[in-house]
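The values are calculated or read from the model by the stated rules, or taken from the named source; none is laboratory data. Worth saying up front: this structure is predicted, and the values here are computed from it rather than measured. Positions of Cβ are backbone-derived with ideal geometry, glycine not excepted, and every protein chain shown enters the neighbour counts. Areas reflect the complete protein model, heavy atoms only, side chains present, ligands, DNA and RNA absent. Shrake-Rupley method; radii C 1.70, N 1.55, O 1.52, S 1.80 Å.
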Amino acid sequence: MQIVYDTDQLPSQFQVGDILITSPWRAEHWSWLPSYVGIEIVPDGGEVKRLSATQAALRAQGITTGYIKKPPTERSKNYQKYQEAVAEAKQHTYSNIQLGPTPAPYELVDTAEDATNLFRQLSEIPLIAMDYETVGDPPVICAIAFADAKDSYLVYGDGLRALGPFSALLEAHRGIVVHYARFEYNVTWQNSLGRLKPTALSPFYDTNVMNWLDTNSLGESGLKSMTRQLLKRDALDFTDVAPEGDIGKVLIANPHLVGRYAAAGDARNTYDLFQLLKAKLIEAGMWGLYNTVERPLTPILIEMEEHGLRLNREELGAIVVEYQRDCTRLASILRELGFKGVPSQTERVATWFYKELGLPVLKLTESGKRGSIDDDTLNRLYGTHPAVSIYQQWSKADTLLSTFLQPTYNKGVELLHTKLNQTSTRTGRLSSSSPNLQNWPMGLRRIFKPMREGDVLLSIDFSQQEPRIAAVASGDERMLDDYREGRDAYISLGLDLGFDAARLLAREPVTRKVVKGVFLGWLYGAGGRKMQETARKQDVVLTIDQCTRYARKLEQERPALRVWREKVIAETRERGASYSMYKRRRLLPSIYSSDPMVKAEAEREAVNMVVQGTAADVVKMAMVRIGSRYGMCLQVHDELLFSLPRTQVADAIEELSGIMENVCAFVPLKVDAHW
């Protein structure tokens, strides 16, 4: 570390952690320095707001920083000052900043010949880390950083002309590590003009997905934060290197700065994180799950997202009208029940519920000023007054209409691309967003149509997947016998609960929904209120007394399931985590909580993890085995959707059913096909 005192001359070299000491009236003069250089104000201390060189120069001229986005015209009175500020900013270029030596050596590669030799050299190394540096949107590669066990490299400039050897490296190498593989796959696909599809490459190792599997941290875990937390190592941030957001300009002015950031930084840290995370997953027994399921799944998800779903514009328009009518009808019913206002006025709805109708206040808003009417609270209020159900129906219809149906129709959208999120749940299930298709009513499926003329949409879903897994996990012989003999376990469960045999045998929809809602609620350890909420998710209305009575009946009739559930909870208390049958782990520290409600929720999550975690593993394994065959375009819980030629339907059903039913050797799986 070096300490530099206030001066008009820039130091010849900066290192991470260096400090510039300056006086209060000179502090802003150095505000454009990257944040890895500390600025200490003496004698009174204080902080300096970091600015880009251009921002600092414009401020010094006394004119707006808005000129960065929209420069003044030659007729503007500030034009001359703007020109002087730009000239001043150019004096503070990145070429003036020379980073000192780094403990991680790196090499700059800027010729096609040297890059070709490097790519051939890397192809012989079992494990390498890679990181793209890009500019623009869609992203264009301006540099590629690599790291192996000892060295790091930055390929840029004419080195990027060695496209053939680089493509060969990507296609053949089986040990490339990246952080957030989605980005690297998409950039590769786009920059190769569609030639290097994600599934055409050997799957990348992804330290982001590995970290999620190990820690249950949801979403994207930043490389810099993981480096600091897990490797106990400081890391340059992007804004340190390119405060104005364009790393391409920095690369031209000072490639060594980018080499330090990307090669000796991001690529090196990614390589080292992989080694640490692999050891952690091996110790936890999850390396096989990652390597054979999660790792090859990522490129499949990306291609499914790109494949998209084609919309039937006529059906979409008809559904928009239907939802508009439903919203109007439900709003009219609320008025008949005494509501004065429009349902979108949540403050007014809350006042009506709690002050006028006298409903119990179960939860307050974050401000604490009124009772909440969020989804969880409304589910708990269900049955206290007819208005609650009507408002819930209105809210769901209005949300879907205003956030998706109406704008999608108005914009003329013909191809829908949802995002399939791999790291957004703790059970391992996939979720979808933008839009969330997994929460859609089944009736909305009619807005989808096959990708091409002559194609059909084929849906294949696992039948009673969760009960089948629960039967195997618990060893409940009655359920196992039902499934071995090809019988419907919900019929025998319904008989246990006292439902009419004729309705059960006829598979009467309402009765089956009640049986399913009651069984799943009880299976996951729900009490009367929680079971009522679970049943509501199956569109089943039950009183708490009914739920309590059904739960007692199942406790008596299905002792193996009850004993298994208690065993799972006890083991989770011992280990602090619950596991799927494929060793996927969900950490549950809240099972030790002194709060009875928090502890009870953790116990339900423990049992849920065994069943839903295993279900997630099974679906993902099936998707990996299917790969890019038959135009797989969507996954919703236990269902897969395909768009394929009508002439292939019979063969596809036979092959896909065989894959899905035999993907798990110890659970007697069954699938249903619809098209």
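List the aspartates and glutamates whose Cα sits under 13 Å from the Cα of residue 419, skipping any in the same chain fewer than 8 residues away. List returned: 303, 305, 306. Straight-line cross-link partners of residue 340 among the lysines, defined as a Cα under 28 Å from its Cα and at least 8 positions apart when in the same chain: 355, 363, 369, 396.
How would region 443-571 be classified by its alpha-carbon gyration tensor: rounded, prolate or oblate, with rounded meaning a/c under 1.5 and the a/b versus b/c comparison settling the rest? Cα axes put region 443-571 in the prolate bin. Of all beta bridges DSSP finds with both residues in the chain, what is the antiparallel percent, to the nearest 5? Given both bridge residues lie in the chain, the antiparallel proportion sits at roughly 70 percent.
In this simple spin-label model, placing a label point 7 Å from the Cα along the Cα-to-Cβ direction at both residue 64 and residue 593 gives a separation of 5.0 nm. What's log10 of I(q)/I(0) for region 401-511 at q = 0.13, 0.14, 0.19, 0.20 Å⁻¹, Debye sum over Cα points only, no solvent? The Cα Debye sum returns log10 ratios of -0.81, -0.88, -1.09, -1.12. Only Cα sites of region 162-226 enter the Debye sum here, all with the same form factor; the resulting log10 I(q)/I(0) across q = 0.12, 0.16 1/Å is -0.34, -0.57, listed in q order. Most simply put, region 130-216 has about 85% antiparallel DSSP beta bridges, counting only bridges with both residues inside it. For region 300-352, the solvent-accessible area with a 1.4 angstrom probe is 49 square angstrom per residue.
Surface calculation, 1.4 Å probe, protein heavy atoms: residue 173 sits at approximately 10 Å² accessible. Of the trypsin sites (Lys or Arg not before Pro) found in region 409-444, those that fall in a DSSP loop while having at most 15 other beta-carbon atoms within 10 Å are 411.
Seen against the Cα atoms of the chain and their longest principal axis, helix 313-336 is set at about 70 degrees.
Between residue 314 and residue 123, full extension at 0.36 nm per residue minus the direct alpha carbon distance yields a gain of 63.5 nm. Length available on full extension from residue 417 to residue 367: 0.36 nm per residue minus the Cα-Cα distance, which gives 14.3 nm. Spin-label model, residue 507 to residue 322: label points 7 Å out along the Cα-to-beta-carbon direction sit 2.2 nm apart. Each residue, residue 246 and residue 150, gets one label point 7 Å from its Cα in the Cβ direction; the gap between the two is 4.0 nm. Rounded to 0.05, the FRET efficiency of the residue 625 and residue 171 pair, given R0 = 30 Å and the Cβ-Cβ distance, is 0.90. Each part reduced to its alpha carbon centroid, region 181-199 and region 387-424 end up 30 Å apart. Ratio of Rg to Rh for region 427-484: 1.14 [Cα atoms; Kirkwood radius as inverse mean 1/r over pairs]. P(r) tail for region 326-366, what percent of Cα pairs lie past 14 Å? Considering region 326-366, 50 percent of its Cα-Cα pairs are separated by more than 14 Å. Taking square-rooted eigenvalues a ≥ b ≥ c of the alpha carbon gyration tensor, is region 525-619 rounded, prolate or oblate, where a/c under 1.5 means rounded and, failing that, a/b exceeding b/c means prolate? Cα axes put region 525-619 in the prolate bin. Positive-end ranking of 658, 648, 596 along the dipole of region 582-666, with charges on Cβ about the Cα centre, is headed by 596.
Counting only protein heavy atoms and a probe of 1.4 Å, the accessible surface of region 457-565 is 49% carbon and sulfur. For residue 87 and residue 40, the FRET efficiency from 1/(1 + (r/R0)^6), where r spans their Cβ atoms and R0 equals 30 Å, is about 0.55. Pairs of alpha carbons in region 262-411 separated by more than 24 Å make up 60% of all such pairs.
Taking the C-alpha atoms only, the angle from helix 386-400 to the longest principal axis of the chain is near 40 degrees. The length gained by stretching the chain between residue 74 and residue 651 to full extension, at 0.36 nm per residue less their Cα-Cα distance, is 200.7 nm.
Accessible surface for residue 395 stands near 30 Å², nearest 10, in the context of the full protein assembly shown (1.4 Å probe). Please give me, ordered by residue number, the GluC sites (Glu not before Pro) of region 432-493 that lie in loop per DSSP and have at most 16 other Cβ atoms within 10 Å. Listed in order of number, the matching sites are 453, 485. Here the Karplus relation 6.51 cos²θ - 1.76 cosθ + 1.60, evaluated at θ = phi - 60°, turns the backbone of region 203-215 into coupling constants of x, 6, 6, 10, 5, 5, 5, 4, 5, 4, 5, 7, 10 Hz, with x for every Gly and Pro. In a simple Cβ point-charge model (Lys, Arg +1; Asp, Glu -1; nothing else charged), the chain has a dipole of about 1860 debye relative to its Cα centre.
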